[in-house]
Amino acid sequence: MASVKVEIGRETDTEKSEKHWFCNIKYISLVLLVLQNASLILTMRYTRTQAGKLYFSTTTVIVTEFVKMSTCLCIIFIQKGGNVKEYLNYLWHGIVTEARDTFKLAIPSGIYTIQNNLLFVAVSNLSAATFQVSYQLKILTTALFCVLLLGKRLVKMQWLALLLLFVGVAIVQIQPSDPTKAAQEKTSQSQSAYTGMVAVLVSCISSGFAGVYFEKILKGSSASLWLRNVQLGLFGVFFGLIGMWMKDGDDIMEKGFFFGYTKYVWTVIGLQAFGGLLVAVVVKYADNILKGFATSLSIIISTVVSVYLFGFT
Ligand code: C5P
């Protein structure tokens with residue numbers, strides 16, 4: 001009897017430390033996501049507004065997917081203790097034998113590829129701060145898809161918070177009231193601001209749907225997070241190549257795949273890849289809505305930095 005008690009006591013301790021670990025990853029990944037988000041948008045905006053040779057954003061989407069997938073393959077290799085046979089068996093079973101599961105990832109992957117390309121359009125046409133605030137509408141779309149696809153229920157207070165968010169985003173869209181300034185800006189900027197806003201709105205819908213769909217796949221099966229990201233990356237590279245060929249095919253044939261790549265472009269790629277992996281961890285250990293509110297914090301950071309770096313008013 002005594003030993004049973006000790007056993008139960010020990011189990012509780014293990015459970016406690018597991019919970020602690022779980023909680024730690026959840027909050028560490030959320031904080032990292034805030035920092036990653038703020039620095040990514042600023043670096044992206046910087047690389048798209050500099051004079052000189054402008055790189056093809058469609059190629060960075062592919063390189064990012066490739067970096068993410070390679071990182072996940074390395075993590076799986078380490079998890080398998082460096083045993084090549086076990087590693088290859090695991091990948092073959094996970095990707096080929098379970099092909100039905102692999103194909104389920106084609107949907108979020110295709111949507112993310114479109115979204116990742118649209119983000120460049122948005123960031124090139126809107127200021128970093130306007131982009132960041134408008135992109136927060138994805139919290140609203142995420143909540144709607146959580147209700148529709150995951151059957152989650154939101155309490156009144158949460159709906160109210162979402163409504164406030166919507167009003168906040170609408171206020172940011174109100175143009176300056178100075179008529180001369182507005183008229184001057186109209187010819188040069190209104191067209192691109194419109195393009196930027198459409199790109200953001202489509203990205204919000206795509207982010208909400210793909211995020212919730214991925215959460216459903218991840219939490220509805222026992223397959224590892226890293227394997228899921230390899231599957232996502234395989235389709236990501238494929239769809240990315242199609243997008244690149246359609247949009248920039250001819251120019252890339254002439255100028256080359258890595259045309260205009262600078263250390264800042266590589267920084268954007270590194271931050272994007274790191275962010276993608278962080279999103280996956282956050283979705284697994286927390287959820288999509290919490291992810292949305294955490295990234296909202298990055299608005300404050302990127303707005304303040306925008307004032308100093310780009311003279312944003
Ligand atoms: O803005 P949002 O949170 O929707 O951005 C998600 C980003 O994370 C996308 O760039 C997407 O490609 C990436 N992602 C990923 N792996 C996942 C989920 C998302 O790389 N498992």
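Within the stretch 260-275, the set of residues being of a type in the set (Gly, Ala, Ser) and near the ligand (Cβ under 10 Å from one of its atoms) comprises ALA273, GLY275.
In summary, helices (runs of 4 or more DSSP H) completely within the stretch 1-99 and bearing 2 or more residues that are out of contact with any His (no Cβ under 9 Å at 6 or more places or on another chain) and at pLDDT 95 or above occur at 57-79, 84-91. Only one entry of LEU241, LEU218, LEU227, LEU278 meets the criterion of being within 12 Å of the ligand (Cβ to nearest atom) and either in contact with a strand residue (DSSP E or B) (Cβ under 8 Å, 6 or more places away or on another chain) or over 26 Å from ILE139 (Cα atoms) (or both), and that entry is LEU227. Could you go through the stretch 57-76 and let me know if any residue there is away from the ligand (no atom under 16 Å from the Cβ), open to solvent by 20 Å² or more (accessible area, probe 1.4 Å) and not charged (D, E, K, R). Within the stretch 57-76 (the criterion being away from the ligand (no atom under 16 Å from the Cβ), open to solvent by 20 Å² or more (accessible area, probe 1.4 Å) and not charged (D, E, K, R)), the answer is no, since none of the residues qualifies. When residues in the stretch 51-86 are screened for being free of Cβ contacts under 8 Å to residues at least 12 places away in the same chain and of a type outside the set (A, V, I, L, M, F, W, C), 7 of them pass. Contact annotation: residue pairs with Cβ atoms under 6 Å, 6 or more positions apart or on different chains, pairing a residue in the stretch 203-214 that is under 11 Å from ALA143 (Cα atoms) and more than 9 Å from the ligand (Cβ to nearest atom) with a partner that is among the aliphatic types (A, V, I, L, M) and part of a helix (DSSP H, G or I), are VAL212/LEU149. Contact map, the stretch 225-253: residues that are touching a residue at least 12 places away in the same chain (Cβ under 8 Å) paired with residues that are among the acidic types (Asp, Glu), Cβ distance under 7 Å, separation 6+ or inter-chain. Pairs shown: GLY233/GLU65; GLY236/GLU65; VAL237/GLU65; GLY240/GLU65.
Residues that are within 29 Å of LEU149 (Cβ to Cβ), in contact with an Asp or Glu (Cβ under 9 Å, 6 or more places away or on another chain) and either open to solvent by less than 10 Å² (accessible area, probe 1.4 Å) or of a type in the set (Asp, Glu) (or both) do occur in the stretch 235-254. Tell me whether the stretch 260-273 contains one or more residues that are of a type outside the set (Asp, Glu), open to solvent by 70 Å² or more (accessible area, probe 1.4 Å), more than 16 Å from ALA38 (Cα to Cα) and modelled with pLDDT of 90 or more. The answer is yes; a qualifying residue exists.
The values are calculated or read from the model by the stated rules, or taken from the named source; none is laboratory data. Model, not experiment: these values are computed from the prediction. Cβ coordinates were reconstructed from backbone atoms using ideal geometry, including for glycine residues, and neighbour counts include every protein chain displayed. Calculation scope for accessible area: heavy atoms of the full protein, side chains included, ligands and nucleic acids excluded. Shrake-Rupley method; radii C 1.70, N 1.55, O 1.52, S 1.80 Å.
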